[in-house]
4 protein chains.
Amino acid sequence: MAEQNNSMSSMASEICNQIQSVFTQGETEERTVLEILVEEIASAAGRNGRIFFYACGREGLMLKALCMRLAHLGLSVHVVADMTTPPISSNDLLVASAGPGGISTVDAICGVARSNGARVLFLTAQPKSESATKYATVIGFIPAQTMADDHQPQQQSSTRQLLPMGSLFEGVMFVLFEMVVFRLAEVLGQTPEAIRARHTNLE
Amino acid sequence: MAEQNNSMSSMASEICNQIQSVFTQGETEERTVLEILVEEIASAAGRNGRIFFYACGREGLMLKALCMRLAHLGLSVHVVADMTTPPISSNDLLVASAGPGGISTVDAICGVARSNGARVLFLTAQPKSESATKYATVIGFIPAQTMADDHQPQQQSSTRQLLPMGSLFEGVMFVLFEMVVFRLAEVLGQTPEAIRARHTNLE
Amino acid sequence: MAEQNNSMSSMASEICNQIQSVFTQGETEERTVLEILVEEIASAAGRNGRIFFYACGREGLMLKALCMRLAHLGLSVHVVADMTTPPISSNDLLVASAGPGGISTVDAICGVARSNGARVLFLTAQPKSESATKYATVIGFIPAQTMADDHQPQQQSSTRQLLPMGSLFEGVMFVLFEMVVFRLAEVLGQTPEAIRARHTNLE
Amino acid sequence: MAEQNNSMSSMASEICNQIQSVFTQGETEERTVLEILVEEIASAAGRNGRIFFYACGREGLMLKALCMRLAHLGLSVHVVADMTTPPISSNDLLVASAGPGGISTVDAICGVARSNGARVLFLTAQPKSESATKYATVIGFIPAQTMADDHQPQQQSSTRQLLPMGSLFEGVMFVLFEMVVFRLAEVLGQTPEAIRARHTNLE
């Protein structure tokens, strides 16, 4: 039985279930994080605004994965710290993520965005954190474990988590962003062929 | 009913099911891709070898996510193209990924690795591709859709895929790598506290 | 005297002289590498083409430095491997660099560019190398030492080079690209104010 | 005569002279920025400390160029935001750069370093800026023009600078870091062969 639970398929099932349960929980919000992301990005695109992305570590990787697909949708998207990233202005949107609530460089980038009049969509598992409160124009709440609350002393001595530290939050980001792309493709009327044609061949 | 299927929770469920089904299918292999990854990485670590990671686009992001966690496990891991990445030699392992089978820079990097005597673990959905056959010391088969087979003309005119292009392959990578980290943490005897202590604070 | 030669100012003078002498030598070419770069980039811009940049290691850093300034000039420029980089097509230009003549991933990227009909401006110190011959639409010759010829056994046992390996080539790239930007700003009629206004504030 | 001054060789000469003059001016400091860099890095290496690098935009590229060469010297060096970068602690050194004095993410990273007890070597052209004063354990003064002082309204309407914005500062960084590597190679007793052997082949 224990062996069974340790098989690849059953471990995958356990991981997928953990990710799925975050969405079930998130469904109870008045506006889901999916709706917020789609509306903010579509709205920025609608006013010919640029959309910028910033997060650290593995959260940053997940945002980059989203950014690439949005480029495939034909949007004007930019990763903070790329060579070709333009300045942000009042017409633009910054999508930032800080699962645990506050990260010093995320705060710094959000601060620049806000002081230039841009909107900040702040993804976090800690919507009442000081950073979320201070920098978010709108908060995208993702109710998943992060580095801020993965410390359960008693539990950790005996059991090892399948999704430690911020892994659940990051896995949820991946799945969430696939939905964002799916919905935006419809909103923007982009065909699969047009989307695929924007995928780079320089690789 | 259609509305129900378009809710955040049901879309997440659909995505998670698609990811899960790839693992169910992959379970039928003699050695699963999970076993192969864990054994190759543990073996490289056991002989004090370095482990390098290379892939393009969103596959590259997923490999980077794995690389960061393996750094947290205390392994000597390196992302190809980083400033601090050393040369590869015969004691080392390259983990490369090319979902669709062959990508020109993946071929190039694998070629360098092989000509220097290193092992190449080649992750792909096309295990019989020319590149897989030519460069892999060992193939990690991931039976998921990629850019190589997302073109279904009849189907695409009427329906939009929830996980288009290589998204399913990439989602499977994320989930798979979480299992790899979980297993390796046990094999290497790394406590959650030790793992967490290696997470950077410079962010 | 030896002490004098080891002061910061005299060492800087020696480095600057080495860099300067490469340009003096390069002046004897029928068309200088400066003219080639300016004409190719201006021409690509003139036909609304995109301009892509690729090189490895420190050469890659110097190309990125150029790419950022060209973005400040308002050109459609892209670093290969960025998330937002589009596909290359027959209207476009790839600026690649391989000081020592041939680098496997540079070959790979140049091959993709050529097979899609794009022009390839190939910067190198080895204009007769197999790669230069095979991939370049036009060669930008930089007559500086690189990893291909920094091995002088007798000399190295006694003296240490001030600019070892590819450092001279890379320093020449930096200085050369400043001239390219200066010339292109004039050609494109970009004012200093307009250029500066495109510098990102998200940092 | 105007034509002569616009030749590649004479433009290169003008750029090299501007870079050189910054070092002549910097020579008058009690301890030169070269001495400070060599001593701080050698000292960190001597106590088995790690050395981290952070800057934005083109300054960041120049720091990365230094970091790669220091990796070739066998030092434990890390670029902030790389996947494999460990946490900073009191035994370590952060080399940060903010030519114009204060940059929000540079401040953020320096703040983390200082609050963890690490030394911060702060490279800047504005040694009396609030950021330099607040975060530097030691300041490396580079007396070159940056974005903070490239605005000369009267002048700019008539003439275009050969090294606009932060280009002079960045060019000085490149040349300065070559000297740092040369000196450290001697201090650490690294032969050219050993240095070259650490250059990656995965490219």
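Taking (1) surrounded by 20 or more Cβ atoms within 10 Å (Cβ to Cβ); (2) in a loop (DSSP other than H, G, I, E, B) in turn, B:ALA65 satisfies each apart from (2).
Here the condition is being outside any helix (DSSP H, G or I) and among the charged types (D, E, K, R); of D:GLU178, D:GLU186, D:GLU193, D:GLU203, it holds for D:GLU203 alone.
I'd like to check something: does the stretch C:125-136 contain any residue that is surrounded by fewer than 21 Cβ atoms within 10 Å (Cβ to Cβ), within 27 Å of B:GLY111 (Cβ to Cβ) and touching an Asp or Glu at 6+ places or on another chain (Cβ under 7 Å)? Looking for residues that are surrounded by fewer than 21 Cβ atoms within 10 Å (Cβ to Cβ), within 27 Å of B:GLY111 (Cβ to Cβ) and touching an Asp or Glu at 6+ places or on another chain (Cβ under 7 Å), one finds none in the stretch C:125-136, hence no. Could you say which residue among D:GLU29, D:GLU59, D:GLU130, D:GLU35 is at pLDDT below 95 and among the charged types (D, E, K, R)? Residue meeting the stated conditions: D:GLU29. If you go through the stretch D:28-52 and keep only what is in a loop (DSSP other than H, G, I, E, B), surrounded by 15 or more Cβ atoms within 10 Å (Cβ to Cβ) and of a type outside the set (Val, Ile, Thr), you end up with D:GLU29, D:GLY49, D:ARG50. If you go through the stretch B:107-119 and pick out every residue that is in contact with a helix residue (DSSP H, G or I) (Cβ under 7 Å, 6 or more places away or on another chain), within 9 Å of another protein chain (Cβ to nearest Cβ) and either within 18 Å of B:MET147 (Cβ to Cβ) or open to solvent by less than 10 Å² (accessible area, probe 1.4 Å) (or both), you end up with 2. If I go through the stretch B:94-106 residue by residue, how many of them are surrounded by fewer than 24 Cβ atoms within 10 Å (Cβ to Cβ) and out of contact with any helix residue (DSSP H, G or I) (no Cβ under 7 Å at 6 or more places or on another chain)? Residues in the stretch B:94-106 being surrounded by fewer than 24 Cβ atoms within 10 Å (Cβ to Cβ) and out of contact with any helix residue (DSSP H, G or I) (no Cβ under 7 Å at 6 or more places or on another chain): 1 in total. Restricting attention to the stretch C:133-160, the residues that are at pLDDT below 95 and over 30 Å from C:LEU73 (Cβ atoms) add up to 15. If I ask for residues that are touching a Gly at 6+ places or on another chain (Cβ under 8 Å) and more than 10 Å from chain A (Cβ to nearest Cβ), which ones from the stretch C:58-73 would you list? Listed by number, the residues that qualify are C:ARG58, C:GLU59.
Considered as a group, the residues in the stretch B:77-99 that are more than 9 Å from chain D (Cβ to nearest Cβ) and assigned to a loop (DSSP other than H, G, I, E, B) include one that is nearest to A:ARG196 (Cα to Cα), and that residue is B:GLY99.
The set of residues from the stretch B:26-46 being touching a residue at least 40 places away in the same chain (Cβ under 8 Å) and of a type in the set (Val, Ile, Thr) comprises B:VAL33, B:ILE36, B:VAL38, B:ILE41.
Criterion first (out of contact with any strand residue (DSSP E or B) (no Cβ under 9 Å at 6 or more places or on another chain), more than 25 Å from D:ASP82 (Cβ to Cβ) and away from chain D (no Cβ under 14 Å)) does A:GLY140 satisfy it? So A:GLY140 does not fit the description; no.
Listed here are the residues, each with its yes/no results for (1) of a type in the set (A, V, I, L, M, F, W, C); (2) out of contact with any strand residue (DSSP E or B) (no Cβ under 7 Å at 6 or more places or on another chain); (3) over 24 Å from A:VAL80 (Cβ atoms).
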position: D:MET83; (1), (2), (3): yes, no, no
position: D:ILE88; (1), (2), (3): yes, no, no
position: D:VAL95; (1), (2), (3): yes, no, no
position: D:GLY101; (1), (2), (3): no, no, no
position: D:VAL106; (1), (2), (3): yes, no, no
position: D:GLY111; (1), (2), (3): no, yes, no
position: D:ARG119; (1), (2), (3): no, no, yes
position: D:THR124; (1), (2), (3): no, no, no
position: D:PRO127; (1), (2), (3): no, no, yes
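Hey, does the stretch A:72-93 have a residue that's at pLDDT below 95 and either of a type in the set (Val, Ile, Thr) or buried (at least 18 other Cβ atoms within 10 Å of the Cβ) (or both)? No: the stretch A:72-93 contains no residue that is at pLDDT below 95 and either of a type in the set (Val, Ile, Thr) or buried (at least 18 other Cβ atoms within 10 Å of the Cβ) (or both).
The values are calculated or read from the model by the stated rules, or taken from the named source; none is laboratory data. Quick caveat: nothing in here was measured; it's all calculated off a predicted structure. Quick reminder, even Gly has a Cβ in these numbers, built from the backbone with ideal geometry, and neighbours come from all protein chains shown. Each accessible area value is taken on the protein alone, full model and side chains, heavy atoms only, with ligands, DNA and RNA left out. Shrake-Rupley method; radii C 1.70, N 1.55, O 1.52, S 1.80 Å.
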